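First comes the structure, then the notes that go with it.
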2 protein chains.
Amino acid sequence: MKVTVNITRRPEIADPQGTTVRRALVDLGHDAVREVRIDRTIHLEVEGHDSDTVHTQVSRMCEQLLSNPVLEDFEVVVHG
Amino acid sequence: MKVTVNITRRPEIADPQGTTVRRALVDLGHDAVREVRIDRTIHLEVEGHDSDTVHTQVSRMCEQLLSNPVLEDFEVVVHG
């Protein structure tokens with residue numbers, strides 16, 4: 001099954017990578033850029049027949065490895 | 001205006017980061033994982049009133065800095 005995981009930094013947590021990219025864009029002349037935040041989208045292909053089981057498995061992967069639970073939230077979408 | 005940029009590795013280009021994450025997941029016991037690919041989603045807040053102008057500006061940012069044109073494709077979505 002194809003699964004997409006969206007990993008986003010919590011809104012209250014600063015994004016230093018985004019801030020650095022914003023500064024670089026302004027240095028290149030793109031001074032209309034007010035804010036930049038950078039998230040990850042992870043695409044997985046997982047063997048399985050039951051969407052709920054795969055959803056539970058991938059949520060566990062997020063907690064264990066794919067996301068940083070202190071700084072980030074995750075959303076798992078199973079496409080079937 | 002809020003803008004989302006999806007940066008994806010071209011399908012024919014290997015994703016070493018994804019391969020490393022897949023191995024780590026298998027090591028953790030998630031051996032149903034067949035493939036992992038990791039993309040970036042960049043959220044920007046850009047000053048401007050005209051969607052087409054902002055789209056052109058952000059596409060230029062992608063070519064200059066946000067994406068690697070040799071390995072990656074990008075898609076710009078202006079939310080207005």
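For region A:2-78, calculate the relative contact order in percent as a whole number, restricting contacts to Cα pairs under 8 Å that are 6 or more residues apart.
This gives 50 percent for region A:2-78.
Looking for one value pair here: nearest-to-axis residue in chain B (by Cβ) for the rotation onto A, and the distance in whole angstrom.
Taking Cβ atoms only, the nearest residue and its distance are B:T41, 3.
Which residue, A:G18, A:G48, A:G29, has the most motion in a Gaussian network model of chain A that connects Cα atoms within less than 10 Å?
Checking each option, the largest mean-square fluctuation is seen for A:G29.
Which of B:L44, B:L66, B:L28 ends up with the largest GNM mean-square fluctuation for chain B, with Cα atoms connected below 10 Å?
The residue with the greatest mean-square fluctuation here is B:L28.
Once the other residues with Cβ under 15 Å from the Cβ of B:V70 are scored (Lys, Arg +1; Asp, Glu -1), what is the net sum?
Cβ neighbours under 15 Å give a net charge of -3.
Please report the net charge: other residues with Cβ closer than 10 Å to the Cβ of A:I42, K and R +1, D and E -1.
Once positives and negatives cancel, what remains is +1.
Taking only protein heavy atoms into account and a 1.4 Å probe, give the accessible area per residue of region A:2-78 in Å².
Per residue, region A:2-78 has an accessible area of 56 Å².
Amide H neighbours of A:S67 under 5 Å, counting only residues 5+ apart in sequence or on other chains, H built in-plane at 1.01 Å?
Close amide H contacts, sequence-distant or interchain: none at all.
Tell me the Kirkwood hydrodynamic radius of chain A in angstroms, computed as one over the mean inverse distance between distinct C-alpha pairs.
For chain A, inverting the mean 1/r across all distinct Cα pairs yields 14.3 Å.
For region B:40-59, which residues drop by 50 square angstrom or more in accessible area between the chain on its own and all protein chains together (1.4 Å probe)?
The answer is B:T41, B:H43, B:E45, B:E47 - residues whose exposure falls by at least 50 Å² when every protein chain is included.
Counting only other chains, and only Cβ atoms inside 10 Å, what mean value do you get across the residues of A:24-35? Write out the running numbers ahead of the final one.
Numbers: counts 4, 8, 0, 1, 4, 4, 8, 1, 10, 8, 5, 5.
Taking all residues of A:24-35 together, the mean is 5.
Can you pull the percent of the protein assembly as shown's accessible area that's carbon plus sulfur, 1.4 Å probe, other chains left in place?
With neighbouring chains kept in place, the figure for the protein assembly as shown is 50 percent.
Given R₀ = 41 Å, FRET efficiency for A:S59-B:D52 by Cβ-Cβ distance, to 0.05?
Given R0 = 41 Å and the Cβ-Cβ separation, E is 0.55.
Give me the accessible area buried between chains A and B, both sides summed, with a 1.4 Å probe, in Å² rounded to the nearest 100.
Its buried surface, counting both partners, is about 2400 Å².
Let me spell out the model: positive unit charges on the Cβ of Lys and Arg, negative unit charges on the Cβ of Asp and Glu, origin at the Cα centre of chain A. What dipole size does that give, in debye rounded to 20?
On the way: 9 positive and 14 negative charges, 59 e Å.
Approximately 280 debye in magnitude.
Placing a label point 7 Å from Cα toward Cβ, how far apart in nm is A:E45 from its equivalents in the other copies, listed shortest first to one decimal?
Output for A:E45: 4.0 nm, nearest copy listed first.
Treat every Asp and Glu Cβ in the protein assembly as shown as -1 and every Lys and Arg Cβ as +1, leave all other atoms uncharged, and give the resulting dipole magnitude about the Cα centre to the nearest 20 debye.
Dipole magnitude for the protein assembly as shown comes out near 280 debye.
Please determine, in degrees from 0 to 90 and to the nearest 10, the orientation of helix A:16-27 with respect to the longest principal axis defined by the Cα atoms of chain A, where the helix direction is its Cα long axis.
So the inclination is approximately 40 degrees.
Which one of A:G48, A:A24, A:V76 has its Cα pushed farthest toward the positive end of the charge dipole of region A:2-78, where Lys and Arg give +1 and Asp and Glu give -1 at the Cβ?
Of the listed residues, the answer is A:A24.
The values are calculated or read from the model by the stated rules, or taken from the named source; none is laboratory data. Computed from a predicted model, the values in this text were never measured in an experiment. All Cβ positions, even for glycine, are placed from backbone atoms using ideal geometry, and neighbour counts span all protein chains on display. For the accessible areas, the whole protein counts, side chains as well, though only heavy atoms, and no ligand, DNA or RNA atoms are used. Shrake-Rupley method; radii C 1.70, N 1.55, O 1.52, S 1.80 Å.
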